[in-house]
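Heads up, the thing below is written out as structure tokens.
The values are calculated or read from the model by the stated rules, or taken from the named source; none is laboratory data. All figures in this text were calculated on a predicted structure; none of them were measured in a lab. Cβ coordinates were reconstructed from backbone atoms using ideal geometry, including for glycine residues, and neighbour counts include every protein chain displayed.
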Amino acid sequence: MLTMALPDEELTRVGEVLEPFCRTRSGDSVTVACQVRGNRVTLVETRPLFIDPSIMNSVNVAQFEFVPDLKVWTLYWYDRKNRRQPYPTGRNRDSLEKLVAEVAADPTGIFWD
């Protein structure tokens, strides 16, 4: 499947919305970053392994996919086998800002421990 790059205005919004979000979620040993690939932006959390803190472990937390025809974003979460799943609440299509707020609030408990 071929994915298109994000339009410039959406890429700018990604920086404006997700970079501050990632900074606030990052801490002493935990880093949250966003990775852009095509029309998808993945939130990735990196932290030391509990059993061996010298090894860093990265986990996909959420993915935002831009749908150019509809000019909306779609939200996905990752299951324990790192498979992308549609966000189950029915509120999975909206503006980037609203979906990032949904991930931050995490009312379903599927994004953050």
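Inspect the range 76-99 for any residue being of a type in the set (Val, Ile, Thr), touching a strand residue (DSSP E or B) at 6+ places or on another chain (Cβ under 8 Å) and surrounded by fewer than 16 Cβ atoms within 10 Å (Cβ to Cβ) and give the result as yes or no.
Checked against the condition, which is being of a type in the set (Val, Ile, Thr), touching a strand residue (DSSP E or B) at 6+ places or on another chain (Cβ under 8 Å) and surrounded by fewer than 16 Cβ atoms within 10 Å (Cβ to Cβ), the range 76-99 yields no hits at all.
How about the range 44-60: which of its residues are part of a strand (DSSP E or B) and of a type outside the set (Ser, Thr, Tyr)?
Taking the range 44-60 first, the residues part of a strand (DSSP E or B) are 44-48, 56-60.
Once the filter is applied, which keeps residues that are part of a strand (DSSP E or B) and of a type outside the set (Ser, Thr, Tyr), the range 44-60 yields Val44, Glu45, Arg47, Pro48, Met56, Asn57, Val59, Asn60.
Would you confirm whether or not the range 20-43 contains a residue that is out of contact with any Pro (no Cβ under 7 Å at 6 or more places or on another chain), surrounded by 11 or more Cβ atoms within 10 Å (Cβ to Cβ), of a type in the set (Phe, Trp, Tyr) and in a helix (DSSP H, G or I)?
Yes, the range 20-43 has at least one match.
Within 17 Å of Trp112 (Cβ to Cβ), in contact with an Asp or Glu (Cβ under 9 Å, 6 or more places away or on another chain) and outside any loop (DSSP other than H, G, I, E, B): which single residue out of Gln63, Gln85 fits that description?
On the way: Gln63 fails: in contact with an Asp or Glu (Cβ under 9 Å, 6 or more places away or on another chain).
Answer to the selection: Gln85.
Looking at the range 48-72, which of its residues are modelled with pLDDT of 95 or more and more than 24 Å from Gly27 (Cα to Cα)?
Glu65, Phe66
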